[in-house]
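The values are calculated or read from the model by the stated rules, or taken from the named source; none is laboratory data. As the structure is a prediction and not an experimental result, all values here were calculated from the model. Reconstructed Cβ throughout: ideal geometry from the backbone, glycine too, with neighbour counts over all protein chains shown.
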Amino acid sequence: MALLLLALLQAAHPTALPAQTPGSVAAWTLHFNGEIRWQQITPAGALLVSSDGALAGVDVERGQIAWQKPELGGLPVDSVHMVEGSLLMEAAKPGLSIIFDPVTGTALFDSRLLSLTRVVTRRVLPQTGTLLVHGQRASGPPVVALYDLKTGNQRWVSESLFQQTEPKRGGLGGLMQGLVRMASAATTLEVLQAGPEVIVVHTLMGLRALDAKTGAVRWSATLPTARAGNPAKHVRLFPSLDKPDRIYVGFDDRLMAYRLADGQPLWAKPAMIQGWVHDIVQHPAGIIILPESPPPNEATGNVRVINGVVQTGLSVARYEDGATINPKPLRMRGTVTDAMITGGSAVLAVDAESRTFVNVLDVATATVRLEKDVKIKGRLDYAELTPAGLLYISRSDPATNGEVNVIDLARGEQKFKDAIEGGKAAGEGLLHVVEGSSLYVFAGRDHHLYAVNRQDGTYRALGGEIKFQGGEDPTAIELRPSGVVLISSQNLVIVARDGQIKQQVYNPAPQLPGLLRALYRINSVRAGLYGAAASAYGDAFAQMSRQATDTTAKRLTGQLAAAYSQGGAQLTGYSSQASALASKRFKASLATPGSVFMLTRSPDGNGNVLLQIDKDTAQPRSRVDLGKQREPVYAVDDISGMLFLQTAAGTLTAYRL
């Protein structure tokens, strides 16, 4: 296969000449039993290769087949996926589920060994280096088991989690107990790792604390619902960020703190809201309890419905006793989807049946700054308090266009009538990035780049319309030393900070969309790696990272990076090979990639080539000829800088990019 070809880069200027690009040299070649069906890089860094003969794991640095599983040969690609928030993978087909370490190939869980017909819950618990699995059998009680992440050894298995702990009732009460038990066994468990020794789970039958070493039930607690004996319909478990002696449990319209040592409630009574507990935000001044609109027939208390939306009420609870700072819940128009912390305040985003309202909560006093919630266009995406007021960016929804605007907190009104606006059509959204006192926004509706002053909220267009070729719209925006970079799958544009276009390249896409799937997987691999890292760092990081503003997110990411630099302590639960490789990859992934990959037709029109385009120069760094197959089988890993290509039936070749 010829590797040194000329890449035709169609730049913005019609006089641009074809650039000669160095071809990538093969790093290694491997042979497999049977034709290769698909391949994918995993967040842990191992390459999975599926052939007719087996599912195999490849060490990409050494170019060696690390393990093979013949029983998983020929599986379709959709049957193998990452276990959420972990480095593990799961392969499933009728009658079989196997969860394995993709680096070592160690099978941590095999549904056949417990005779499970259905796996209901899968949860990796990094603090104890374990995997918790809950499933059902064809007959007999459901099972909960715990496995060691390093060895795959089963630490314990329990059939007692769903046993009745309260006195058995007769008649209708007994029938209801039985129905609750059956429903509980088929419902995904709420699971929280509460320190290295305790795993707290919730079933429809109540709260249980399990000994992490033995699986024994340390204590049980019945949630004090509005009607005794009536199980809560909506339960969420939350870790305590600053008080290690407790956990928080949201159930229906209530929040309660429980002591980890014995399960005793730490508050005399639950904190109350109107609606169901959607989430909590642990602010230094109190616990912000975010409500969501329950179904009208399941709402509690005095139900108010306006325009078909169940109205809710938000509360701020004290850490000491659970008493709410506000004497009665603050009225909200619907589900409070987020509370973005900014100093002593939190910006509230409220969803009311596809309409979004915002307000600013003063946490210490549990009061809102605006007399009336302000309706905004679209859905809130970014917000910060500035001297000019509440600067926000929203994304379009089916009813309205997103916009960039400022809310005057004194008047409770938007500052600009002619705000920067996005469109409802695909690709017409708003992309943004922050640098110092400036907020750069690309508006897909008019294809202009804007600079917004973060102090006074004023804005100006930088240059004229930026046109992308091939009918594309940018999907990402980045800040680089060379300027603001706008990226789509086949276009890259570098715009100077004064609005002048410095470089623009376009590489026409192949006509077969299947060819692009391997490239699109890059983002999912990075997301999986971050998800596993957040899980390894603890549930507290996961919550805080979801709710962080840009500044806070950077601080937390720095903390996470520091944790990995200290020997990868948060990944010690995994195998040493997986832990070392994931730590290395995570630290590498913190750096924004300096290049982007584009797939395009070869200059002679026969076959396809993959180009690695430098984001600072818009020039190709390297290229790989994918041959003349109609749909070549390949995968790309931008973290290790490698491409893996099937060059013949059963033959895999790796190229360093």
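If you scan region 98-135, which residues turn out to be touching a residue at least 40 places away in the same chain (Cβ under 8 Å), farther than 14 Å from residue 152 by Cα, in a strand (DSSP E or B) and under 22 Å from the mean Cα position of the chain (by Cα)?
Hits for region 98-135 are 120, 121, 123.
If I filter region 455-492 down to residues being in contact (Cβ under 8 Å) with a residue 60 or more places away in the chain and under 28 Å from the mean Cα position of the chain (by Cα), which single residue comes out as surrounded by the fewest Cβ atoms within 10 Å (Cβ to Cβ)?
Step by step, filter region 455-492, then rank; the result is 480.
Any residue in region 84-97 that is of a type in the set (Ser, Thr, Tyr) sitting within a Cβ distance under 7 Å of a residue that is in a strand (DSSP E or B)? List the pairs, counting only those 6 or more apart or interchain.
86/124; 97/90; 97/119
I'm trying to understand the selection: among the residues of region 136-163, which are of a type in the set (Asp, Glu) and within 30 Å of the chain's Cα centre (by Cα)? First the steps, then the outcome.
Filtering region 136-163 down to residues of a type in the set (Asp, Glu) leaves 148, 159.
Listed by number, the list holds a single entry, 148.
Scan region 339-365 residue by residue and report those that are surrounded by fewer than 21 Cβ atoms within 10 Å (Cβ to Cβ) and closer than 19 Å to residue 404 by Cα.
Of everything in region 339-365, those that are surrounded by fewer than 21 Cβ atoms within 10 Å (Cβ to Cβ) and closer than 19 Å to residue 404 by Cα turn out to be 342, 354, 355, 357.
Which of (1) of a type in the set (Asp, Glu); (2) modelled with pLDDT of 95 or more; (3) touching a helix residue (DSSP H, G or I) at 6+ places or on another chain (Cβ under 9 Å) is the odd one out, the single condition residue 338 does not satisfy?
(2)
Looking at the structure I just gave you, is residue 368 more than 29 Å from the chain's Cα centre (by Cα), surrounded by fewer than 21 Cβ atoms within 10 Å (Cβ to Cβ) and among the β-branched types (Val, Ile, Thr)?
yes
Sort out which residues of region 216-239 are crowded, with 19+ Cβ neighbours inside 10 Å, part of a loop (DSSP other than H, G, I, E, B) and at pLDDT 90 or above, and write them in order of number.
Taking region 216-239 and keeping what is crowded, with 19+ Cβ neighbours inside 10 Å, we get 221, 223, 231-232, 235, 237-239.
Narrowing the set further to residues that are part of a loop (DSSP other than H, G, I, E, B) leaves 223, 231-232.
Scanning region 216-239 gives a single hit, 223.
Of (1) without any contact (Cβ under 8 Å) to a residue 60 or more places away in the chain; (2) touching a helix residue (DSSP H, G or I) at 6+ places or on another chain (Cβ under 7 Å), residue 293 satisfies all except one. Which?
It fails just one condition, (2).
What is the residue count in region 587-639 for residues that are in contact with a helix residue (DSSP H, G or I) (Cβ under 8 Å, 6 or more places away or on another chain) and hydroxyl-bearing (Ser, Thr, Tyr)?
Qualifying residue count for the region: 2.
Looking only at residues in region 313-337 that are hydrophobic (A, V, I, L, M, F, W, C), without any contact (Cβ under 8 Å) to a residue 60 or more places away in the chain and part of a strand (DSSP E or B), which one is nearest to residue 241 (Cα to Cα)? First the steps, then the outcome.
At the first step, the residues of region 313-337 found to be hydrophobic (A, V, I, L, M, F, W, C) are 314, 316-317, 323, 325, 330, 332, 336.
Add one more test, that the residue is without any contact (Cβ under 8 Å) to a residue 60 or more places away in the chain, and what stays is 314, 316, 323, 325, 330, 332, 336.
Okay, now just the ones that are also part of a strand (DSSP E or B), so 314, 316, 330, 332, 336.
Numbers: 314: 21, 316: 16, 330: 25, 332: 26, 336: 21 Å.
Looking at residues that are hydrophobic (A, V, I, L, M, F, W, C), without any contact (Cβ under 8 Å) to a residue 60 or more places away in the chain and part of a strand (DSSP E or B), I get 316.
Can we say residue 617 is part of a loop (DSSP other than H, G, I, E, B) and hydroxyl-bearing (Ser, Thr, Tyr)?
Details: part of a loop (DSSP other than H, G, I, E, B): yes; hydroxyl-bearing (Ser, Thr, Tyr): yes.
Against the criterion (part of a loop (DSSP other than H, G, I, E, B) and hydroxyl-bearing (Ser, Thr, Tyr)), residue 617 qualifies.
Kindly indicate whether any position in region 387-401 is modelled with pLDDT of 90 or more, within 16 Å of residue 453 (Cα to Cα) and surrounded by fewer than 18 Cβ atoms within 10 Å (Cβ to Cβ).
Within region 387-401, one or more residues are modelled with pLDDT of 90 or more, within 16 Å of residue 453 (Cα to Cα) and surrounded by fewer than 18 Cβ atoms within 10 Å (Cβ to Cβ).
Take the conditions at pLDDT 90 or above and under 19 Å from residue 349 (Cβ atoms) and apply them to residue 414. Does it pass?
Working: at pLDDT 90 or above: yes; under 19 Å from residue 349 (Cβ atoms): yes.
Taking the combined requirement at face value, the residue satisfies it.
Being touching a Leu at 6+ places or on another chain (Cβ under 7 Å) and farther than 20 Å from residue 639 by Cβ is the filter here; which residues of region 36-53 pass it?
Filtering region 36-53 down to residues touching a Leu at 6+ places or on another chain (Cβ under 7 Å) leaves 36, 39-45, 48-50.
Those that are touching a Leu at 6+ places or on another chain (Cβ under 7 Å) and farther than 20 Å from residue 639 by Cβ: 36, 50.
Anything in region 32-58 that is modelled with pLDDT of 95 or more and surrounded by fewer than 18 Cβ atoms within 10 Å (Cβ to Cβ)? List them, or say none.
none
How do the pairs read when you match residues in region 600-626 that are free of Cβ contacts under 8 Å to residues at least 24 places away in the same chain with residues anywhere that are surrounded by 22 or more Cβ atoms within 10 Å (Cβ to Cβ) and not in a strand (DSSP E or B), using Cβ under 8 Å and keeping only pairs 6 or more apart or on different chains?
Short answer, once both residue conditions are applied: 607/626.
For residue 257, indicate whether it is in contact with a Leu (Cβ under 6 Å, 6 or more places away or on another chain), under 23 Å from residue 223 (Cα atoms) and in contact (Cβ under 8 Å) with a residue 60 or more places away in the chain. Can you show your working first?
Values: in contact with a Leu (Cβ under 6 Å, 6 or more places away or on another chain): yes; under 23 Å from residue 223 (Cα atoms): yes; in contact (Cβ under 8 Å) with a residue 60 or more places away in the chain: yes.
Answer is yes for this residue.
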